[in-house]
1. Residue 77 versus residue 153, label points 7 Å from Cα toward the beta carbon: distance in nm?
2. Among 153-162, 74-83, 116-125, how do they line up from the highest to the lowest mean number of other beta-carbon atoms within 10 Å?
3. Among the aspartates and glutamates, which fall within straight-line cross-link reach of residue 66, defined as a Cα-Cα distance under 16 Å, with same-chain neighbours fewer than 8 residues apart omitted?
4. On the protein heavy atoms, probe 1.4 angstrom, tell me the percent of accessible surface of the range 105-204 carried by carbon and sulfur.
5. So how much slack lies between residue 128 and residue 180, counting 0.36 nm per residue of separation and subtracting their Cα-Cα distance, in nm?
6. Rounded to the nearest whole Å², what accessible area per residue is found for the range 105-198 with the 1.4 Å probe?
7. Within 10 Å, count the other beta carbons around each residue, average over each peptide in 165-171, 97-103, and list them highest first.
8. Which order do the peptides 173-180, 192-199 come out in when sorted by mean C-beta neighbours inside 10 angstrom, highest first?
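The values are calculated or read from the model by the stated rules, or taken from the named source; none is laboratory data. Remember, it's a predicted structure, so these values are computed and weren't measured experimentally. Reconstructed Cβ throughout: ideal geometry from the backbone, glycine too, with neighbour counts over all protein chains shown. Quick note on the areas: whole protein, heavy atoms, side chains included, nothing else; ligands and nucleic acids left out. Shrake-Rupley method; radii C 1.70, N 1.55, O 1.52, S 1.80 Å.
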Amino acid sequence: MSGDDRVDEDKRATLRRFATVGASASLVGSASAATATGDSEPRDAITGYLSTTPGAHFSKIRDDLKLGTGETQHHLRTLESAGSIEQFRDGDYRRYVQTGRFDEFEKRALGYLRRETPRGMILELLRSPDAGANDLAAVLDVSPPTISKYAGELETHGLLSREDGYSLVRPETVLLLVVSHAESFGSDAVSLADEADQLLVYDG
């Protein structure tokens, strides 16, 4: 088997795996839009992928599903037009989720959970709600100014309060997002998800 054949087979296997998830989701408009052009597998793969990796940005969707740039743009536009998925802006990124599945707070949380340092801060605050800036800097092996920078962003976007130390806003909601999609966030999130039943129950 040539290298090109191997790439094509890897792509088909990846698409089939996520298409199975997407087809079973029965998302509004997905089947009809795809059937009209015979393109059901890539679109079902995208919807399946977004059910397990909500908030993924364009390049991650393209690369993880082994699609071409133009191919990805075409299928995302079609799925958006069909009302199956929606996009939201997150700084320089354009992120995608299933339509109507997440509120605005959850979308913002997903965006920051997909960035390494803010994700580390959020996970540590879920695990240790009393952690301060220096604690977070030590755990994440970054400088205190870096923690301060991202804390300011998280506060601006309504995810963090700095009135009395650092405290997450709607921590139970954030924890549920982490637990529900832990594998897509990486090993640290998986570890925290395994501890979820031992974490304190937050108010509000």
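1. For residue 77 paired with residue 153, the spin-label model returns 3.0 nm.
2. 116-125, 74-83, 153-162
3. Output for residue 66: 4, 5, 8, 9, 10, 39, 41, 44.
4. After summing per-atom areas, the C and S share lands at 46 percent.
5. Between residue 128 and residue 180, full extension yields 16.7 nm more.
6. About 49 Å² of surface per residue is accessible.
7. 165-171, 97-103
8. 173-180, 192-199
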